[in-house]
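**Q** One structure is given below, represented as structure tokens, and several questions about it will come after.
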Amino acid sequence: MLARPLRLVSVIALCAALALPGAAGAESVSAPPYLLVRSLQTIQDKVIAGDIQSLEIQRYLLNEIDRRLRNIDMAVFEDPRNVDAALIFAMSGGNPETLDILAERDVEGNFDNRVTSILRRYLSGRGSTATKQLKDVVPEYRNTRIGPYLE
């Protein structure tokens with residue numbers, strides 16, 4: 001019985017270390033998006049497993065990741081893991097408007113316009129208009145980090 005509260009405390013500590021500015025002695029360095037999204041995925045796994053205490057942590061992480069992505073230096077997306085993280089965030093309950101902002105600010109071409117266009121339509125309730133395009137990109141992304149989210 002004690003293991004469950006200790007596990008929750010560990011997850012909270014991890015989230016705090018990754019998501020809070022200045023946490024764990026990292027005053028000027030914040031976690032990259034891919035680490036934040038990994039934390040979100042861990043929490044969402046706990047929610048699915050029935051851990052209702054993780055719902056509040058999930059809400060916090062969704063808001064924190066959204067805030068960070070909206071204010072992020074676009075150079076961080078030179079790392080494809082961060083591009084994938086932004087897309088996964090959008091497909092995992094994140095604010096769809098944030099994907100719009102990132103896609104509009106992407107002057108370096110780090111985001112695949114086909115994928116962002118499909119997701120933007122799907123997340124705005126127009127998924128049926130993206131069906132053909134989705135079928136075209138799924139084979140290309142099947143064995144990537146975002147592949148399972150697109151299928």
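Just so you know, all these numbers are worked out from the coordinates, no wet-lab data involved. Since this is a predicted model, take the numbers as computed values, not measurements. Cβ coordinates were reconstructed from backbone atoms using ideal geometry, including for glycine residues, and neighbour counts include every protein chain displayed.
**Q** So which of L102, L62, L87 ends up being under 23 Å from G125 (Cα atoms), surrounded by fewer than 20 Cβ atoms within 10 Å (Cβ to Cβ) and out of contact with any Pro (no Cβ under 7 Å at 6 or more places or on another chain)?
**A** Numbers: L102 fails: surrounded by fewer than 20 Cβ atoms within 10 Å (Cβ to Cβ); L87 fails: surrounded by fewer than 20 Cβ atoms within 10 Å (Cβ to Cβ).
Being under 23 Å from G125 (Cα atoms), surrounded by fewer than 20 Cβ atoms within 10 Å (Cβ to Cβ) and out of contact with any Pro (no Cβ under 7 Å at 6 or more places or on another chain) holds for just one of L102, L62, L87, which is L62.
**Q** How many residues, within the stretch 66-84, are touching a Pro at 6+ places or on another chain (Cβ under 9 Å) and either among the hydrophobic types (A, V, I, L, M, F, W, C) or farther than 19 Å from P32 by Cβ (or both)?
**A** The qualifying residues number 5.
**Q** Please verify whether E108 is among the charged types (D, E, K, R) and outside any loop (DSSP other than H, G, I, E, B), treating the condition exactly as stated.
**A** Values: among the charged types (D, E, K, R): yes; outside any loop (DSSP other than H, G, I, E, B): no.
So E108 fails the test.
**Q** Given the conditions (1) outside any helix (DSSP H, G or I); (2) within 21 Å of P32 (Cβ to Cβ); (3) not aromatic (F, W, Y), and given that I52 satisfies all but one, which numbered condition is not satisfied?
**A** Every condition holds for I52 apart from (2).
**Q** Okay, next question. How many residues are surrounded by fewer than 17 Cβ atoms within 10 Å (Cβ to Cβ) and aliphatic (A, V, I, L, M) if we restrict to the stretch 105-151?
**A** Total satisfying the criteria: 2.
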